[in-house]
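Data first, discussion second: the structure below is written as structure tokens.
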Amino acid sequence: SAVISQKPSRDICQRGTSLTIQCQVDSQVTMMFWYRQQPGQSLTLIATANQGSEATYESGFVIDKFPISRPNLTFSTLTVSNMSPEDSSIYLCSVKGPNSGANVLTFGAGSRLTVL
Amino acid sequence: AQTVTQSQPEMSVQEAETVTLSCTYDTSESDYYLFWYKQPPSRQMILVIRQEAYKQQNATENRFSVNFQKAAKSFSLKISDSQLGDAAMYFCAYRAPQGGSEKLVFGKGTKLTVNP
């Protein structure tokens with residue numbers, strides 16, 4: 001399956017600042033997904049990032065708060081803007097794995113953000 | 001909207017014993033995909049097993065098997081010969097049929113403890 005690298009692994013941020021999370025995949029993939037996992041909770045899809053087009057956001061998530069870039073088929077970034085303590089979560093990048101089946105998502109290890 | 005319910009927030013099992021984790025889901029689709037993911041403390045989401053709804057045969061992967069009851073919309077995971085390394089959060093997930101939304105809808109998870 002695809003190998004996904006996320007940076008940073010974890011960070012502690014101040015309220016009102018913004019942080020950009022990077023997701024690098026070792027193979028070309030059409031669709032990349034960004035999920036949020038709040039403390040003790042399940043995963044919720046933030047948006048789907050397609051190369052060459054605007055990201056598609058799920059209900060409750062907006063581009064101004066979570067801008068996404070997808071410059072090529074192996075890389076994407078998610079920015080968490082104007083952070084508040086409620087944004088403290090694990091943010092996970094995922095892709096449809098070319099080798100594990102088109103219907104299976106492979107996940108990165110996540111980026112744990114703590115907002116003070 | 002599709003929903004996934006895991007009614008057991010926590011489960012425990014003795015090493016070498018068998019445990020079953022429950023999952024029910026709600027959908028109006030006839031063809032879809034179901035998954036069990038494991039999330040150890042490292043945060044890495046790891047695919048455990050998957051099931052295509054059109055297949056009547058229950059999926060099996062080594063010590064992991066599912067009991068897929070389509071009419072009842074139930075998708076339980078059985079772990080046989082439990083090992084200490086099986087301790088993790090287990091998430092049940094649903095994916096719409098091919099051509100539909102690519103996103104995974106997750107349950108809230110079951111925390112599995114394996115006692116030596």
Set the Förster distance to 35 Å, then compute FRET efficiency between B:Lys78 and A:Asp11 from the Cβ-Cβ distance, nearest 0.05.
0.35
Quick check on chain A: of the DSSP beta bridges with both residues there, what percent are antiparallel, nearest 5%?
90 percent
Modelling each spin label as a point 7 Å along the Cα-to-Cβ direction, I'd like the A:Ser53/A:Ser27 distance in nm, to one decimal.
2.3 nm
Under 13 Å from a point 7 Å along the Cα-to-Cβ line of A:Ser84: which residues of the stretch A:6-21 have their amide N that close?
A:15-17
In the stretch B:18-46, whose amide N lies under 11 Å from the spot 7 Å out along Cα-to-Cβ of B:Lys70? List them in ranges.
B:30-32
Can you give the mean number of other chain Cβ atoms that lie within 10 Å of the Cβ atoms in peptide B:82-94?
1
Would you kindly derive the ³J(HN,Hα) couplings of the stretch A:104-111 from the backbone phi angles with the Karplus curve 6.51 cos²θ - 1.76 cosθ + 1.60 (θ = phi - 60°), listing them in order in whole Hz, with x for Gly and Pro?
10, 9, 9, 10, x, 7, x, 10
For chain A, built as a Gaussian network whose Cα springs stay under 10 Å, the top-fluctuating residue of A:Arg70, A:Arg36, A:Arg15:
A:Arg15
Please compute, for peptide A:36-43, the average count of beta-carbon atoms on other protein chains lying within 10 Å of each residue's beta-carbon.
5
Stretch A:Thr20-A:Val62 to full length: gain in nm at 0.36 nm per residue minus the Cα-Cα span?
13.6 nm
For B:Ala88, enumerate residues with amide H under 5 Å from its amide H, sequence gap 5+ or separate chain, H modeled in the peptide plane.
B:Leu112
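Every number in this text was worked out from the coordinates using simple rules, so none of it is lab data. Worth saying up front: this structure is predicted, and the values here are computed from it rather than measured. Ideal geometry is used to build each Cβ from the backbone, glycine not excepted, and the neighbour counts take in all protein chains shown.
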